[in-house]
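K.L.:
Pasting in a structure now, in C-alpha cells, and then I'll have a few things to ask.
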Amino acid sequence: MSSILYYVHDPMCSWCWGFKPTLDKLLDALPDSVQVHRILGGLAPDSDQPMPESMQQMLQQTWQHIQSVIPETEFNYDFWTRNQPRRSTWPSCRAVLAARRQDAALEVPMILAIQRAYYLDARNPSDTQTLISIAEETGCDAGQFSEYLHSEAAHKELEAERQMAHQLQVQGFPSLVYRNARDQLFSIPVNYRQTDSMLEQITQANAA
C-alpha cells in the first residue's frame, strides 16, 4: 500500500488560505512515494440567507487574527462592502469537484482561483455566477461545469468527501492526516509558518 497524505480543506476556509504557502513547501518536500489526496470537508451548506452582521464581524476579526499569526497573508476587506455575504461554502466545494471531474489537473488551479477571487479580488464564491466565471478563467468547459455544479451527483460526491473527512476524524480545517504503508493513520498537527515539524512527524509515522 502506498503512503498517503490527506489534506482536508475548504476553498473558503480563511485558515486554509493562510496555510497555502507553507502547504506548498510541505508538498514539495515530500518523498515521491507519498501520494497527496485533497479532501473537501465543507464548512457551511448552501444558503440564500444573508450572513448575520455578528458573523461578518467575527470573520473579519478572524482575518485580522490570521494576519497576526501569518503576517504575509493578504485579505481584501472590500469583500464585506462589495458583496452580500452568505454563510455558504458547499457551492465552492462542488466547484472544485466539477473542475476535478473535467480534468484532475484542474483541481488545484480551481482551489487557488476561488481563494484569490474571495480573498484578493473581493468576489463572492458563494454565488453561482461567480463560480462559473472562475471556472471559465481556470480553463473549465463552462457548460459541463454549470451542469454538474448543483446536480444531485455533485451533492452526493461532496457528501462522500465530507464522510471521508469524518472517518479521518479531523476536527477542523485545514487538517493533515497521514496513512503509512501499513494502513496506520496519524494526525499531523498543522504548522502555519514552517514545515520542519510536519515533515518530522510524517517521517516518524512512516517508521511506526
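The values are calculated or read from the model by the stated rules, or taken from the named source; none is laboratory data. In this text, all values refer to a predicted model and were calculated from it rather than measured experimentally. With ideal geometry, Cβ positions are generated from the backbone for all residues, glycine too; neighbour counts draw on all protein chains shown. We work out accessible area using only protein heavy atoms, side chains counted, and drop any ligands, DNA or RNA first. Shrake-Rupley method; radii C 1.70, N 1.55, O 1.52, S 1.80 Å.
K.L.:
Starting from segment 9-37, keep only residues that are touching a residue at least 12 places away in the same chain (Cβ under 8 Å) and polar (S, T, N, Q), then list their pairs with residues that are open to solvent by less than 50 Å² (accessible area, probe 1.4 Å) and part of a helix (DSSP H, G or I) whose Cβ atoms are within a distance under 7 Å, requiring at least 6 positions of separation or different chains.
P.N.:
Pairs found: S14/T62; S14/W63; S14/I66.
K.L.:
Here are some conditions: (1) under 23 Å from V190 (Cα atoms); (2) out of contact with any Lys or Arg (no Cβ under 8 Å at 6 or more places or on another chain). E107 meets all but one. Which one does it not meet?
P.N.:
Status for E107: all satisfied but (2).
K.L.:
On the given criteria, is V96 on the phi < 0 side of the Ramachandran plot, in a helix (DSSP H, G or I) and open to solvent by less than 20 Å² (accessible area, probe 1.4 Å)? Working first, answer last.
P.N.:
On the way: on the phi < 0 side of the Ramachandran plot: yes; in a helix (DSSP H, G or I): yes; open to solvent by less than 20 Å² (accessible area, probe 1.4 Å): yes.
Answer is yes for this residue.
K.L.:
Next question, about the same structure. Within segment 38-62, which residues are under 16 Å from C13 (Cβ atoms) and not in a helix (DSSP H, G or I)? First the steps, then the outcome.
P.N.:
First, the residues of segment 38-62 that are under 16 Å from C13 (Cβ atoms): 38-45, 51, 55, 58-62.
The answer is R38, I39, L40, G41, G42, L43, A44, P45, M51.
K.L.:
OK, next. For segment 1-37, what are the residues that are among the small types (G, A, S) and either part of a loop (DSSP other than H, G, I, E, B) or surrounded by fewer than 17 Cβ atoms within 10 Å (Cβ to Cβ) (or both)?
P.N.:
Across segment 1-37, the qualifying residues are S2, A29, S33.
K.L.:
Yes or no: segment 63-74 includes at least one residue that is in contact with a strand residue (DSSP E or B) (Cβ under 9 Å, 6 or more places away or on another chain), assigned to a loop (DSSP other than H, G, I, E, B) and open to solvent by 60 Å² or more (accessible area, probe 1.4 Å). Spell out the reasoning first.
P.N.:
Restricting attention to segment 63-74, the residues satisfying the condition of being in contact with a strand residue (DSSP E or B) (Cβ under 9 Å, 6 or more places away or on another chain) are none.
Within segment 63-74, not a single residue is in contact with a strand residue (DSSP E or B) (Cβ under 9 Å, 6 or more places away or on another chain), assigned to a loop (DSSP other than H, G, I, E, B) and open to solvent by 60 Å² or more (accessible area, probe 1.4 Å).
K.L.:
Further question on the same structure: Run R101 past the list (1) part of a loop (DSSP other than H, G, I, E, B); (2) crowded, with 16+ Cβ neighbours inside 10 Å and report the number of the one that doesn't hold.
P.N.:
Evaluating R101 over (1) part of a loop (DSSP other than H, G, I, E, B); (2) crowded, with 16+ Cβ neighbours inside 10 Å leaves (1) as the failure.
K.L.:
For segment 106-208, please list each of the helices (runs of 4 or more DSSP H) lying entirely inside it that holds at least 2 residues being open to solvent by 60 Å² or more (accessible area, probe 1.4 Å), over 20 Å from C93 (Cβ atoms) and without any contact (Cβ under 8 Å) to a residue 12 or more places away in the chain. Working first, answer last.
P.N.:
Values: elements: 107-119, 128-138, 142-149, 152-167, 196-207.
The helices (runs of 4 or more DSSP H) meeting that bar are 196-207.
K.L.:
From the set of residues in segment 38-58 that are touching a Cys at 6+ places or on another chain (Cβ under 7 Å) and among the hydrophobic types (A, V, I, L, M, F, W, C), which is least open to solvent (accessible area, probe 1.4 Å)? If you could, list the steps in order and put the result at the bottom.
P.N.:
Filtering segment 38-58 for residues touching a Cys at 6+ places or on another chain (Cβ under 7 Å) gives 40, 42-43.
Okay, now just the ones that are also among the hydrophobic types (A, V, I, L, M, F, W, C), so 40, 43.
On the way: L40: 1, L43: 71 Å².
Going through the qualifying residues, I end up with L40.
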